[in-house]
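Structure first, commentary second.
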Amino acid sequence: MSDDSSYSYEKAGVSIAAGNALVKAIGPLVKATARPGADAELGGFGGFFDPRAAGYSDPLLVAANDGVGTKVKLAIDHDRHDRIGIDLVAMCVNDLIVQGAEPLFFLDYFATGKLDNGVAERVIASIAEGCRISGCALIGGETAEMPGMYAAGDYDLAGFCVGAVERGEQLTGETVAPGHVLLGLASSGVHSNGYSLVRRLAADKGWKLDRPALFDQDVLLIDALIEPTRIYVKSLLPIIRQGRIDALAHITGGGLLENIPRVLPEGTHAVIDAGSWEQPRLMAFLQAQGNIEPGEMARTFNCGIGMVLAVQPEAVVQVTADLTEAGESVHRIGEVTAGSRGCTVRGAAGTWSAKSDWEACHNA
């Protein structure tokens, strides 16, 4: 039998050696995310976590998983691999914090057609950075090399995170009532939703992404668009544990209109004043470039608000002060009223609503 007729995994397009080399290279990155409860070592078939060592006596575990979506394609096309993993972590841990849960550990899934260790290391380093920012341990993951599944240079990401909250301290939104004040925390940009529309605009309008943005000459347009999702965990967790927040809504796909109702009890309705904060110039740019209707903006993008809090009126001043000191930009954006469960956003251009079943928004 000739050498040419001898098959191997390597000849099929998968390099076990490259995978082993990647695991060895990322070991220090993973170890740097160690925290009480996890030693963050790689090499086993699974990762252990000890909730008692993390300080919990009777914890409820909360799990979340997500991806980055087509924002990954921008990172690939423009060699911006060094921060995309922060988005991956953010989309998971921000979903955990709205339940009142502290993120404890994270696992990632990196899939590609052919493993490029230089790119993979940059991506995983950014995942580790997201874990460091949010205080959770990166305890494992999977790197899948799948020739024929992805175009040359392409990859995709998924993440899985588990958090904990002491029994009885979880946030359910059930105590939210008419009169609650809604506070909004500023986003860091588009975050990780709406990028299919962003990329369509970029292609149709012929944007030069490697040139300064029209709305900010000090920043390249690609860097404005690729800015990572803000992680709110460390600023919110102390206030949650003090019992001063009754509900949180992470503003992701569906925008303000469809995410806020998810944490409201029956008989309550969120009313948002879109004039209570200044729309970021990036959002104004997207809206103008696409001639996007305000209602479509409110259900596609975060419009400058990445997290919404429902708090008692008497807690507003202290919560605002604490979050400001923690580095957040806080806006009083609305209130909870009596009505059918849903959300109404009012702005100078009109009023838009989403009902409790999160139907497509309509001009009210």
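The values are calculated or read from the model by the stated rules, or taken from the named source; none is laboratory data. Not measured: the values here are computed from a predicted model. So basically every Cβ, Gly included, is an ideal-geometry build from the backbone, and we count neighbours across all protein chains shown. Surface accessibility is based on the protein's heavy atoms, side chains included, excluding ligands, DNA and RNA. Shrake-Rupley method; radii C 1.70, N 1.55, O 1.52, S 1.80 Å.
Holding the Cα-Cα limit at 27 Å, pick out from LYS208/LYS234; LYS205/LYS234; LYS73/LYS114 the pairs that are longer than that. Show your work: numbers first, answer last.
Numbers: LYS208/LYS234 36 Å; LYS205/LYS234 39 Å; LYS73/LYS114 16 Å.
Where the Cα-Cα span goes over 27 Å, the pairs concerned are LYS208/LYS234; LYS205/LYS234.
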Using Cα pairs closer than 8 Å and at least 6 residues apart in sequence, work out the relative contact order for segment 218-350, in percent. 42 percent
Max mean-square fluctuation residue, GNM over the chain, Cα-Cα springs under 10 Å, options LYS234, LYS114, LYS205: LYS205
For segment 63-169, which GluC sites (Glu not before Pro) are in a loop by DSSP, counting at most 16 other Cβ atoms within 10 Å? GLU169
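Mind checking segment 280-325 for GluC sites (Glu not before Pro) that DSSP puts in a loop (not H, G, I, E or B) and that have at most 15 other Cβ atoms within 10 Å?
Values: sites: GLU296, GLU314, GLU325; in loops: none.
In loop regions of segment 280-325 (DSSP not H, G, I, E or B), there are no sparsely surrounded GluC sites (Glu not before Pro).
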Selected from ALA75, ALA17, ALA270 as most flexible by GNM, with the chain as the system and alpha-carbon contacts under 10 Å: ALA17
On a 0 to 90° scale, report how tilted helix 16-31 is relative to the longest principal axis of the chain, with both axes built from alpha carbons and the result rounded to the nearest 10. 40 degrees
For the chain the mean separation of alpha carbon contacts under 8 Å (6+ apart) over residue count, i.e. relative contact order in percent, is 19 percent
Counting DSSP beta bridges with both partners in the chain, what percentage is antiparallel, nearest 5? 80 percent
For the chain, with all protein chains present and a 1.4 Å probe, just round the carbon and sulfur fraction of the accessible area to a whole percent. 50 percent
Expressed per residue, the solvent accessible area of segment 149-199 in Å² (1.4 Å probe) is about 40 Å²
Picking from LYS31, LYS73, LYS208, which is most flexible by a Gaussian network model of the chain using Cα springs under 10 Å? LYS208
Using only the alpha-carbon atoms, how far is helix 316-325 inclined from the longest principal axis of the chain? Give it as 0 to 90 degrees, nearest 10. 30 degrees
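Could you compute the FRET efficiency for MET146 and SER5, with r as their C-beta to C-beta distance and R0 at 30 Å, rounded to 0.05?
Details: r = 24 Å, r/R0 = 0.81.
Between MET146 and SER5 the formula returns 0.80.
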